[in-house]
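Okay, structure first, notes after.
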Amino acid sequence: MIALESRPNSPLMPPQYYLLAALAFSLLVIIHELGHFLVARAFGMRARVFSIGFGPPIIQWRPKGSETIVQVAAVPILAYVNIAGMNPLEPSDPNDRGSYQNASLLARFFTIAGGPLANYLAATLIIFGVLAFAGVERPVVGQVQPDSAAAAAGMRPGDVVLRIGENAPSSFGELAGTINATRGVPTDIRVRRQGRELTLRAAARLDPASRRYRIGIVQSPTLANDPVSVGLAARHALLEPARLTIAQVEGFARMIRGKEKVQVMGPVGIVVETARGAHLGGWRYGADAMALISVALFFLNLLPVPALDGGRLVFLLYEVVMRRRPNARFETTITAIFFTLLLGLGAIVIVRDVAHLAMRS
C-alpha cells in the first residue's frame with residue numbers, strides 16, 4: 001500500500017514532470033536490485049546480468065575483471081539481476097562456489113534481504129539530504145476561526161506551530177492528526193510569533209460533522225522552513241523510515257480488517273500522483289514522495305508472499321526450522337503461480353490507472 005495523496009481535480013501536468021517521476025520510480029527499483037547484486041557479490045556469488053529495463057538489450061558491456069554483463073534494455077524502466085543458482089531447479093555444480101544454491105544460509109538470507117534493505121537505506125538518505133539541505137517544514141496558521149478553541153487560546157494568523165504537546169508536526173496534516181489525538185484534553189501548543197516563541201494552551205472541540213477534534217484554524221498556503229543541525233537531521237532520518245513503515249503496516253492491517261477501503265496504486269498511478277504533487281508542491285514534495293515509495297517497496301517486498309522477497313525468506317525460514325531445504329519443484333511451482341497472479345493484478349491496476357488518467361485528461 002502506497003499512500004500518496006490523490007489529486008483528482010488537478011489538470012494534466014507538463015510531460016517533463018511525468019518523465020522525472022517515472023525516472024525517480026525506476027531509480028528506486030534499480031536501487032532495490034542493486035542491493036541484491038552487491039550483497040550477492042560480497043558473498044562471492046556470480047551475477048550473470050544486471051539489467052536496467054526489460055526486453056531486448058540495446059546496450060551491453062562487461063566491466064573489466066567482472067563476470068557480470070551490465071545492460072540497458074529496450075524498455076529502460078525498472079531493473080532486474082540474474083544471480084547464478086537462484087532458480088532451485090537450475091542445474092548446479094556442488095563445487096561451484098559462485099552459485100546461490102551452494103552459498104551458506106546466512107549469505108542467501110542477506111542476498112534476498114539486500115533489496116528491501118537497500119530501499120530502506122535509500123529512504124533514510126533521502127530524508128537526511130532533504131533535512132540537511134532545506135531544513136524542517138513547520139505549519140503556519142492562515143486563519144483563526146472566531147469563537148474557536150484556537151481563538152480562546154490566543155492563536156493568531158501567521159503563528160508558526162512548533163510543537164503540540166510532545167509532537168513537532170511538519171505538515172498541517174500531521175498537525176490536524178495530533179490535535180485530533182488529544183481527544184479534547186487541554187494541550188500546550190508552542191508557536192513562534194514574530195521571532196518570539198510562546199506557549200499557548202487549547203482544548204480541541206469535537207466537530208459533529210467530521211467526528212474529529214479541532215481547534216479552529218485554517219492552514220496558510222505557505223510553510224515555514226527551519227534549519228536543523230546535521231545531528232538532528234541524522235536522528236530524524238533514522239527514525240522517520242521506521243515511522244513510515246509502521247504506518248504502512250497499520251494501514252495494511254486496517255484494510256485486511258475491512259476498516260479502511262482497499263487502495264492499490266500501481267506504477268502508473270504512483271508516477272502520476274508523484275508528478276502532480278511535485279508540480280504543485282515543488283521539489284520537496286517529490287523528494288518526500290520518493291522516500292515514502294522507497295519505504296513502501298521495503299515493506300511490500302517483505303510480505304510473506306511467494307514471488308516476493310518475503311516469500312523467499314519464508315522458504316529460508318523453513319530450512320532453518322526443518323533443517324532441510326524445501327522441495328525445489330514445489331518452491332518453483334508455487335512461486336510461478338503467485339508470480340502469475342501478481343502480474344495479473346499488476347495488469348489490472350495499470351489498466352485502471354491509465355483509465356483514470358484518460359478520464360482526468
Quick one: which residue in Pro227, Pro221, Pro186, Pro208 is surrounded by fewer than 16 Cβ atoms within 10 Å (Cβ to Cβ) and either touching a strand residue (DSSP E or B) at 6+ places or on another chain (Cβ under 6 Å) or among the basic types (Lys, Arg) (or both)?
Pro186
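Of the residues in the stretch 41-91, how many are polar (S, T, N, Q) and either in the same structural domain as Gly311 (by TED's automatic domain parsing) or in a loop (DSSP other than H, G, I, E, B) (or both)?
3
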So, restricting to strands (runs of 3 or more DSSP E) that lie completely within the stretch 162-216, which ones have at least 3 residues that are modelled with pLDDT of 90 or more and under 31 Å from the mean Cα position of the chain (by Cα)?
187-193
Hey, does the stretch 90-97 have a residue that's in contact (Cβ under 8 Å) with a residue 12 or more places away in the chain, surrounded by fewer than 20 Cβ atoms within 10 Å (Cβ to Cβ) and in contact with a Pro (Cβ under 8 Å, 6 or more places away or on another chain)?
no
Cβ-Cβ below 9 Å, separation at least six or inter-chain, first residue in the stretch 242-264 and exposed (fewer than 13 other Cβ atoms within 10 Å of the Cβ), second modelled with pLDDT under 80 and assigned to a helix (DSSP H, G or I): which pairs?
Lys261/Met255; Val262/Met255
Could you tell me whether the stretch 105-123 includes any residue that is closer than 27 Å to Ala47 by Cα and of a type in the set (S, T, N, Q)?
yes
Does at least one position in the stretch 105-114 carry a residue that is surrounded by fewer than 21 Cβ atoms within 10 Å (Cβ to Cβ), over 30 Å from Asn167 (Cβ atoms) and without any contact (Cβ under 8 Å) to a residue 60 or more places away in the chain?
yes
Are any residues in the stretch 61-104 within 32 Å of the chain's Cα centre (by Cα), closer than 21 Å to Arg324 by Cβ and small (Gly, Ala, Ser), and if so, which ones?
Gly85, Ser99, Ala103, Ser104
Boolean, Arg352 is part of a helix (DSSP H, G or I), of a type outside the set (A, V, I, L, M, F, W, C) and in contact with a Lys or Arg (Cβ under 8 Å, 6 or more places away or on another chain)
no
What pairs come up if the first residue lies in the stretch 319-337 and is farther than 19 Å from Asn102 by Cα, the second is charged (D, E, K, R) and part of a helix (DSSP H, G or I), and their beta carbons are under 9 Å apart, counting only those six or more places apart or on different chains?
Thr335/Arg312
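Report the residue count in the stretch 274-303 for those that are under 16 Å from the mean Cα position of the chain (by Cα), assigned to a helix (DSSP H, G or I) and modelled with pLDDT of 75 or more.
Residues that pass the stated criteria total 20.
For the subset of the stretch 304-328 comprising residues that are of a type in the set (Gly, Ala, Ser) and assigned to a helix (DSSP H, G or I), which member is farthest from Leu343 (Cα to Cα)?
The first filter runs over the stretch 304-328 and keeps only residues of a type in the set (Gly, Ala, Ser), leaving 307, 310-311, 328.
If we keep only those that are assigned to a helix (DSSP H, G or I) too, we end up with 310-311, 328.
Working: Gly310: 17, Gly311: 16, Ala328: 22 Å.
Within the stretch 304-328, the match that is farthest from Leu343 (Cα to Cα) is Ala328.
The values are calculated or read from the model by the stated rules, or taken from the named source; none is laboratory data. Quick caveat, the model's predicted, so the values are computed rather than measured. Positions of Cβ are generated from backbone atoms using ideal geometry, with glycine treated the same way; all protein chains shown enter the neighbour counts.
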